[in-house]
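Participant: Shown below is the structure under consideration.
The values are calculated or read from the model by the stated rules, or taken from the named source; none is laboratory data. As the structure is a computational prediction, the values presented were derived from the model and not from experiment. Every residue, glycine as well, gets a Cβ built from its backbone with ideal geometry; the counts of neighbours run over all protein chains shown. Note: areas computed on protein heavy atoms with side chains; ligands, DNA, RNA excluded. Shrake-Rupley method; radii C 1.70, N 1.55, O 1.52, S 1.80 Å.
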Number of protein chains: 2
Amino acid sequence: MNERVMMKHGAGGRAMRRLVEEVFVRGAPDGLPAGSVGLAAMDDGAAIPIGDGRWLVITTDSHVVSPIFFPGGDIGRLAISGTVNDLAVMGATSALALTCAVILEEGFSWAELERVQASLRATCKEASASIVTGDTKVMGRGEMDGIVLNTTGVAITDRVVRDSGLRPGDRIVVTGTLGDHGMAVLATRHALGLQGNLRSDVAPIASMIAHVLSRHGPALTAMKDPTRGGLASALSEMAQKSGVGVVLDQAALPITDEVRAAGELLGIDPLVVANEGKAVIGVRAEEADAVVATLREHPLGKKAAIVGTCTGARPGALVLDTGFGRRRVTEPEGEPLPRIC
Amino acid sequence: MNERVMMKHGAGGRAMRRLVEEVFVRGAPDGLPAGSVGLAAMDDGAAIPIGDGRWLVITTDSHVVSPIFFPGGDIGRLAISGTVNDLAVMGATSALALTCAVILEEGFSWAELERVQASLRATCKEASASIVTGDTKVMGRGEMDGIVLNTTGVAITDRVVRDSGLRPGDRIVVTGTLGDHGMAVLATRHALGLQGNLRSDVAPIASMIAHVLSRHGPALTAMKDPTRGGLASALSEMAQKSGVGVVLDQAALPITDEVRAAGELLGIDPLVVANEGKAVIGVRAEEADAVVATLREHPLGKKAAIVGTCTGARPGALVLDTGFGRRRVTEPEGEPLPRIC
């Protein structure tokens with residue numbers, strides 16, 4: 001065995017899932033109390049009962065995006081939003097504390113570090129969250145490219161929403177347009193000259209999730225943060241874990257003209273690239289229209305839409321209904337290009 | 001201003017403290033409930049009241065050690081021990097959950113990754129802790145050197161021990177020999193051929209801390225994990241925060257012959273290099289002997305010793321009593337060589 005790690009192993013699709021399952025999860029002792037969501041669940045975070053009907057939810061992510069400043073955001077905004085959003089889609093919309101561990105390359109500019117720091121703070125303020133502890137490491141030139149941020153978040157909630165609760169008949173709701181973050185970063189990296197209106201959607205969405213949970217909590221059967229690998233990865237995983245099929249209505253998918261154009265230029269499907277300010281939500285059919293209306297009341301949910309339906313047929317499969325026929329959407333092997341988040 | 005980050009900014013001493021204070025802490029909104037230990041405290045972790053007289057303690061560290069396998073341990077054992085120990089010296093000896101975020105260089109060996117993973121699991125078992133969630137990123141060749149692990153830990157405790165509680169008259173206790181981790185890694189890196197008995201002390205010490213807290217809790221006034229920058233950095237920080245002077249008794253410092261020899265060969269003081277299985281504890285004078293006796297009952301505390309005394313004179317100063325006279329020990333600018341932990 002002389003297997004080596006490849007870029008796709010960090011890219012959010014099937015290859016990464018295999019690495020995680022084979023190396024990190026398989027045979028891992030659980031050791032958690034009953035009712036926990038642990039490592040093997042591979043959800044957006046973990047949840048552990050702490051008594052009084054409450055759970056501690058915890059999530060971690062390292063952020064390696066390149067370039068670190070991009071249209072619509074930067075690595076600091078990405079780190080806070082990614083962490084707060086992972087907590088929120090687990091049902092924990094009020095972050096108790098965030099940590100931020102910084103790894104810097106020797107020679108990194110102090111002024112850029114201050115710019116990243118200002119963005120971390122501004123996004124924390126927007127998300128009503130605080131960084132309470134941190135760590136700083138420096139690696140040599142050529143041992144690290146620029147800056148990497150790891151953020152971990154904890155929150156306490158009295159209801160956990162998992163990514164595996166879809167049921168036949170449920171509707172799939174997305175909270176806004178798809179593919180904006182991935183396409184904006186890729187277009188910047190390739191200097192496509194499309195940056196005018198092509199901007200990352202990176203934003204903390206906890207307040208929007210809190211709004212919809214407060215009004216429709218019992219009708220929300222599953223939630224997930226569609227980051228690396230995009231909607232296709234997130235929904236494939238939700239369908240597989242839930243044991244349902246999902247049929248997506250292509251005409252209903254909210255995708256901006258700019259993202260569509262960039263996707264065509266780059267030959268990349270907007271459904272397989274990262275979103276950083278969106279949630280995918282499973283909703284009981286009878287309440288789906290009301291959920292969309294509630295989401296649209298929030299500034300970040302103006303483009304919310306019902307985009308699909310869960311079926312009992314073909315469990316685990318994601319199918320796209322193009323209007324002319326149906327085709328299977330396979331879970332991508334990984335995000336098409338590395339270091340998207 | 002064209003200042004740039006240097007290696008010393010990640011090395012645990014004065015330079016790092018300046019970076020953290022100037023960029024990460026200054027002006028940061030606290031936003032935490034009264035009774036919290038937040039970012040500005042720059043303690044081993046943060047502590048936040050969660051009701052019922054309990055605190056949530058949280059700590060984070062990125063591990064960038066090179067080489068990743070060294071006598072006495074490896075990056076996996078280091079990550080778990082470092083995190084569990086930071087929680088323990090805050091008074092939280094029973095970890096509720098750990099996260100582990102892995103960043104890999106493209107081409108990293110799958111077999112080595114499995115070896116690191118086995119070590120993570122074995123150390124978790126030893127520490128009665130579980131990794132409950134994680135993250136995997138891959139960076140390109142030359143964008144990252146090998147593997148970096150970030151671990152974050154959370155625990156719930158009903159008493160927080162800070163690093164700032166030293167009072168004049170308190171004794172300083174260390175739980176064992178000093179400088180083992182730093183010297184073992186440096187000797188390996190320099191191929192000194194001293195590796196026979198020169199081994200890192202890396203170990204989770206939460207069970208030892210729980211033992212001493214259970215018997216002597218009220219007499220323990222401060223605790224700290226003397227990692228980067230060694231005992232000199234940890235004690236300087238404790239003295240400054242507590243507003244006391246500390247006089248160290250050189251003859252009482254437990255240092256192995258191997259560490260002493262390596263220190264002489266490398267021209268490096270064992271007091272300024274990292275420990276990864278030790279605690280520095282402030283103890284009320286009348287109970288100091290009993291605390292040492294209790295520590296020695298534990299397999300990891302056999303070499304525990306009283307090494308110094310706190311004074312009201314020269315607040316913030318660390319002084320070494322050599323037996324022939326006294327000299328000021330200045331807080332090191334940083335660990336003498338990078339990537340020690």
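Participant: Once amide H atoms are placed 1.01 Å from N in the peptide plane, what residues at a sequence separation of 5 or more from B:Ala222, or on another chain, have their amide H within under 5 Å of its amide H?
Facilitator: Here B:Gly282 satisfy the definition.
Participant: Along Cα→Cβ at 7 Å, what distances in nm separate the B:Ala210 label point from those on the other copies, shortest first?
Facilitator: 3.5
Participant: Ignoring everything but the protein chains, give the 1.4 Å probe accessible area of A:Ser236 in square angstrom, nearest 10.
Facilitator: Roughly 0 Å² of A:Ser236 is accessible to a 1.4 Å probe.
Participant: Quick one: label points 7 angstrom along Cα→Cβ at B:Gly325, distances to the other copies in nm, smallest first?
Facilitator: Values, ascending and in nm: 9.3.
Participant: Report ³J(HN,Hα) in whole Hz for each residue of region B:311-325, in order, from the Karplus equation J = 6.51 cos²θ - 1.76 cosθ + 1.60 where θ = phi - 60°; Gly and Pro get x.
Facilitator: The phi angles translate into 10, x, 7, 6, x, x, 8, 10, 10, 9, 8, 8, x, 10, x Hz.
Participant: Taking every residue in A:31-44, how many Cβ atoms of other protein chains lie within 10 Å of its Cβ, on average?
Facilitator: Other-chain Cβ atoms within 10 Å of each residue's Cβ, averaged: 3.
Participant: Let me test this: with uniform point scatterers at the alpha carbons of the protein assembly as shown, what is the Debye-based log₁₀ I(q)/I(0) at q = 0.05 1/Å?
Facilitator: Evaluating at q = 0.05 Å⁻¹ gives log10 I(q)/I(0) of -0.23.
Participant: Can I ask one more? Taking the alpha-carbon centroid of each part, what is the distance from region B:63-107 to region B:136-173 in angstrom?
Facilitator: 9
Participant: While we're looking at this one, here's another question. Largest first, how would A:Leu248, B:Leu337 line up by accessible area (1.4 Å probe)?
Facilitator: Ranked list, largest accessible area first: B:Leu337, A:Leu248.
Participant: Percentage of Cα-Cα pair distances in region B:133-187 greater than 17 Å, rounded to whole percent?
Facilitator: 73
Participant: Non-local amide H neighbours of A:Gly12 (under 5 Å, H modeled in plane, Pro and chain starts lacking H): which ones?
Facilitator: Residues meeting the amide H criterion: A:Glu335.
Participant: Mind putting together the pair-distance distribution for region B:7-157? All Cα pairs, 10 Å bins, whole percent per bin, short to long.
Facilitator: Spelled out per bin, shortest first, that is 11, 34, 35, 17, 3, 0.
Participant: Continuing with this model, one more query. Show me, for region A:226-236, the HN-Hα J-couplings you get by feeding each phi into the Karplus relation (A = 6.51, B = -1.76, C = 1.60, θ = phi - 60°), rounded to Hz, glycine and proline as x.
Facilitator: x, 8, 3, x, x, 4, 4, 5, 4, 6, 4
Participant: Using the heavy atoms of the protein chains alone and a 1.4 angstrom probe, what is the accessible area of chain B per residue in square angstrom?
Facilitator: On a per-residue basis, 35 Å².
Participant: At a probe radius of 1.4 Å, what is the per-residue accessible area of A:Thr256, in Å² to the nearest 10?
Facilitator: Here the residue's solvent-accessible area equals roughly 40 Å².
Participant: For chain A, with a Gaussian network of springs between Cα atoms less than 10 Å apart, report the residue from A:Gly245, A:Gly153, A:Gly323 with the top mean-square fluctuation.
Facilitator: A:Gly323
Participant: What accessible area, summed over both chains, is buried at the A-B interface (1.4 Å probe, Å², nearest 100)?
Facilitator: Using a 1.4 Å probe on protein heavy atoms, the buried area is about 6600 Å².
Participant: Pick out which of A:Gly267, A:Gly73, A:Gly91 has the largest mean-square fluctuation in a Gaussian network model of chain A, springs linking Cα atoms closer than 10 Å.
Facilitator: A:Gly267
Participant: Please report the antiparallel percentage of DSSP beta bridges with both residues in the protein assembly as shown, rounded to the nearest 5.
Facilitator: 80
Participant: With heavy atoms of protein chains only and a 1.4 Å probe, what residues of region B:130-147 have at least 50 Å² less accessible area in the full set of chains than alone?
Facilitator: Checking the loss per residue gives B:Val132, B:Thr133, B:Asp135, B:Thr136, B:Lys137, B:Val138, B:Met139, B:Glu143.
Participant: Cα convex hull of region B:1-72: mean projected area in nm², to one decimal?
Facilitator: Convex hull of Cα atoms, orientation-averaged projection: 7.7 nm².
Participant: Would you work out if region B:171-328 is rounded, prolate or oblate? Take a ≥ b ≥ c from the square roots of the eigenvalues of the alpha-carbon gyration tensor; rounded if a/c is under 1.5, else prolate when a/b is larger than b/c, oblate otherwise.
Facilitator: Here region B:171-328 falls in the oblate category.
Participant: Moving on. How long are the three semi-axes of the equivalent ellipsoid of chain A, in whole Å, if each is the root of 5 times an eigenvalue of the C-alpha gyration tensor, listed from largest down?
Facilitator: One finds semi-axes of 29, 24, 21 Å for chain A.
Participant: Could you give each residue of region A:51-61 its phi-based ³J(HN,Hα) in whole Hz, using Karplus coefficients 6.51, -1.76, 1.60 with θ = phi - 60°, and x for Gly or Pro?
Facilitator: My calculation for region A:51-61 gives x, 6, x, 10, 10, 8, 9, 9, 9, 9, 8 Hz in order.
Participant: Could you look at region B:121-199 and say what percent of its accessible area is carbon and sulfur, using a 1.4 Å probe and all protein chains?
Facilitator: 43
Participant: Okay, moving on. Per the 1.4 Å probe, what fraction of the accessible area of region A:1-111, in percent, lies on carbon and sulfur atoms?
Facilitator: Heavy-atom surface of region A:1-111 belonging to carbon and sulfur, 1.4 Å probe: 52 percent.
Participant: Note down the net charge around A:Ala28, summing +1 for each Lys or Arg and -1 for each Asp or Glu among other residues with Cβ under 12 Å from its Cβ.
Facilitator: Neighbourhood net charge equals 0.
Participant: OK, next. Given the protein chains as shown and a 1.4 Å probe, how many square angstrom of B:Ile209 are accessible, to the nearest 10?
Facilitator: Number for this one is 0 Å².
Participant: What number comes out for the charge environment of B:Lys241, summing +1 per Lys or Arg and -1 per Asp or Glu over other residues with Cβ under 9 Å away?
Facilitator: Taking every other residue near B:Lys241 into account, the sum is -2.
Participant: Grab the other residues whose beta carbon is less than 12 angstrom from that of B:Val291, score K and R as +1, D and E as -1, and report the net.
Facilitator: -1
Participant: Right, something else. On a C-alpha basis, how far is the centre of region A:201-268 from the centre of region A:7-21 in Å? Whole number, if you could?
Facilitator: Result: 20 Å between the Cα centres.
Participant: Sum -39500 (n - 2.57) across every DSSP H segment of at least 4 residues in the protein assembly as shown, then divide by the residue count to get the 222 nm mean residue ellipticity, nearest 500.
Facilitator: Theoretical 222 nm ellipticity from helices: -8000 deg cm²/dmol.
Participant: Still on this structure: Can you list residues from other chains, or at least 5 along the same chain, whose modelled amide H is less than 5 Å from the amide H of A:Ala97?
Facilitator: Close amide H contacts, sequence-distant or interchain: A:Val154.
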